[in-house]
Amino acid sequence: MKIKLTSIMVDDQDKALRFYTGVFGFAKKHEIPVGEYKWLTVVAPERDDLELSLEPNVNPAAKAFQEAMFRQAIPLAAFEVDDIEAEVRRLKAAGVGFTTDVTRMGPVTIAVCSDTCGNLIQLYQPAKGT
């Protein structure tokens, strides 16, 4: 069994695609029209075997969940980075808002930012040797 695809709900697929590619630096893998919406996935440029689907958040239950998680400051996804200090500086320079600045949390260092599409995203850097 492998994880090949995971999803995150977004309030606007086009805005999400711009953010996840233009700001986070992922690459678009699929953009297939499906009625009013689209099958839209992004991947890390150096690893295209694991896709993140940018799902339209049109389900009222999912929307309520997303909004509650945001209000409670709970990230809905986590992405590993090699140098969290440099990544946070880069993202702040691009206008990304952070709810948690760089913070050491046991064996990882984290920061939490908004993806501008209704979600908080945790960035983390494992401690050296873990």
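Rule-based calculations on the coordinates, nothing more; no lab input. Fair warning: this is a prediction, and the values are worked out from it, not measured in the lab. Cβ sites come from the backbone with ideal geometry, for glycine too, and all protein chains shown count toward neighbours.
Can you name every residue in segment 56-70 that is without any contact (Cβ under 8 Å) to a residue 60 or more places away in the chain and among the polar types (S, T, N, Q)? Asn59, Gln66 - these are the residues of segment 56-70 that are without any contact (Cβ under 8 Å) to a residue 60 or more places away in the chain and among the polar types (S, T, N, Q). Within segment 88-95, the presence of at least one residue that is in contact with a strand residue (DSSP E or B) (Cβ under 8 Å, 6 or more places away or on another chain) and of a type outside the set (A, V, I, L, M, F, W, C) is confirmed. For Tyr37, indicate whether it is out of contact with any Lys or Arg (no Cβ under 8 Å at 6 or more places or on another chain) and under 30 Å from Ala127 (Cβ atoms). No: the conditions fail for Tyr37.
Restricting Arg71, Arg89 to those that are surrounded by fewer than 13 Cβ atoms within 10 Å (Cβ to Cβ), farther than 20 Å from Gln125 by Cβ and of a type in the set (Lys, Arg) reduces the list to Arg71.
Return a yes/no flag: does segment 4-24 have any residue that is part of a strand (DSSP E or B) and free of Cβ contacts under 8 Å to residues at least 12 places away in the same chain. No, because not a single residue in segment 4-24 is part of a strand (DSSP E or B) and free of Cβ contacts under 8 Å to residues at least 12 places away in the same chain. Close Cβ contacts (under 7 Å, 6 or more residues apart or on different chains) running from residues in segment 75-91 that are farther than 14 Å from Leu52 by Cα to residues that are assigned to a helix (DSSP H, G or I) comprise Val81/Glu87; Leu91/Val23. Looking across segment 58-100 at every residue that is touching a Cys at 6+ places or on another chain (Cβ under 8 Å) and of a type outside the set (Val, Ile, Thr), the one that is farthest from Thr21 (Cα to Cα) is identified as Phe98.
Output the residues belonging to segment 100-130 that are out of contact with any Phe, Trp or Tyr (no Cβ under 9 Å at 6 or more places or on another chain) and either free of Cβ contacts under 8 Å to residues at least 40 places away in the same chain or outside any strand (DSSP E or B) (or both).
Correct list: Thr100, Asp101, Val102, Thr103, Arg104, Gly106, Pro107, Ala127, Lys128, Gly129, Thr130.
When the criteria are applied in full, Val96 meets the requirement of being in a loop (DSSP other than H, G, I, E, B) and either surrounded by 13 or more Cβ atoms within 10 Å (Cβ to Cβ) or not charged (D, E, K, R) (or both). Across segment 50-84, the number of residues qualifying as closer than 12 Å to Gly118 by Cα and in a loop (DSSP other than H, G, I, E, B) comes to 5.
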